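Remarks on the structure that follows.
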Amino acid sequence: MANSTRPAEFIYDNMMIHGTVVHASHLYDVKKLLYLGSSCIYPREATQPITEDQLLTGPLEPTNEWYAIAKIAGIELCQAYRRQYGSDFISAMPTNLYGPNDNFDLEISHVLAALLRKAHEAKESGAREIVVWGSGEPRREFLYVDDLAEACLFLLQNYDSPEIINIGTGKDVTIQELAELICDVVGFKGDLAWDRSKPDGTPRKLLDISKLESLGWKSTIPLREGIAETYNWFKSTVNSSVRRG
């Protein structure tokens with residue numbers, strides 16, 4: 001929803017963020033900078049799993065192209081500073097992220113956080129179903145935030161190439177499988193209603209992580225375990241704040 005209705009904010013804000021940070025890192029002689037892009041930089045119809053060399057080989061997903069273009073500009077910016085000034089700036093492309101401190105606002109959150117909140121509120125209210133956007137058929141990959149943090153530290157210590165590198169788990173699920181798993185973790189026993197008037201987005205988005213694995217790093221937190229940890233945090237933090245408000 002946010003990507004579709006606020007394109008100007010997405011492209012402007014993100015370009016200003018990385019434009020400022022990358023240039024300041026050059027001005028103040030930062031020894032090493034890790035720029036985080038996004039898996040949405042790759043073409044909508046990219047071959048699966050998506051290798052790093054597929055960047056700029058086809059059209060982007062229309063529903064989030066403004067964010068993707070800003071992220072691509074950030075990659076090029078890091079490479080330009082490396083070429084002109086010799087700056088040790090590297091760029092990594094994480095897959096879809098989730099975990100504690102995620103955004104659970106139903107208007108602007110990503111799919112996992114939104115579904116978790118919907119399932120929790122449906123369980124609490126005794127609702128018989130929750131509505132999920134799209135058909136449930138697209139496939140997505142999800143990386144727990146602690147795994148991303150470990151990968152970032154690993155790359156800062158072990159990677160210095162100008163080429164982008166993917167960060168992910170190498171495993172994906174359908175949106176329907178994700179919704180069913182979340183409902184099971186939350187304990188919601190109702191039905192899933194699919195709103196097919198809403199867009200599915202990219203049909204599949206699974207990153208090829210062989211480049212990162214060849215360096216010696218792999219994710220360690222399974223999806224179910226990560227969702228359970230996220231839900232425990234949500235119940236103790238976000239949900240209690242909502243009740244007080």
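All of the numbers you see were taken from the coordinates with simple rules; none came from a lab. Keep in mind it's a predicted model, so treat the numbers as computed, not measured. Here Cβ is always computed from backbone atoms with ideal geometry, including for glycine, and neighbour counts include all displayed protein chains.
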Checklist entry - In the set 47, 63, which member is among the hydroxyl-bearing types (Ser, Thr, Tyr) and without any contact (Cβ under 8 Å) to a residue 60 or more places away in the chain? => result 47
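Which of the residues belonging to segment 40-54 are touching a Phe, Trp or Tyr at 6+ places or on another chain (Cβ under 7 Å) and crowded, with 19+ Cβ neighbours inside 10 Å? I'd like the intermediate steps shown before the answer.
At the first step, the residues of segment 40-54 found to be touching a Phe, Trp or Tyr at 6+ places or on another chain (Cβ under 7 Å) are 40, 50, 54.
Across segment 40-54, the qualifying residues are 40, 50.
Among 235, 218, 171, 211, which is farther than 24 Å from residue 54 by Cα and out of contact with any Lys or Arg (no Cβ under 7 Å at 6 or more places or on another chain)?
On the way: 218 fails: farther than 24 Å from residue 54 by Cα; 171 fails: farther than 24 Å from residue 54 by Cα; 211 fails: farther than 24 Å from residue 54 by Cα.
Answer to the check: 235.
Find the helices (runs of 4 or more DSSP H) located wholly in segment 1-97 whose residues include 1 or more that are in contact with a strand residue (DSSP E or B) (Cβ under 6 Å, 6 or more places away or on another chain), and list them. I'd like the intermediate steps shown before the answer.
On the way: elements: 2-5, 7-27, 65-85.
Where helices (runs of 4 or more DSSP H) fall fully within segment 1-97 and carry at least 1 residues being in contact with a strand residue (DSSP E or B) (Cβ under 6 Å, 6 or more places away or on another chain), they are 7-27, 65-85.
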Next on the checklist: Against the conditions (1) more than 24 Å from residue 179 (Cβ to Cβ); (2) free of Cβ contacts under 8 Å to residues at least 24 places away in the same chain; (3) in contact with a helix residue (DSSP H, G or I) (Cβ under 8 Å, 6 or more places away or on another chain), where does residue 75 fall short? Just the number, please.
Outcome noted: (2)
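Looking at residue 107, is it part of a loop (DSSP other than H, G, I, E, B), in contact with an Asp or Glu (Cβ under 9 Å, 6 or more places away or on another chain), of a type in the set (D, E, K, R) and touching a residue at least 60 places away in the same chain (Cβ under 8 Å)?
No, not satisfied.
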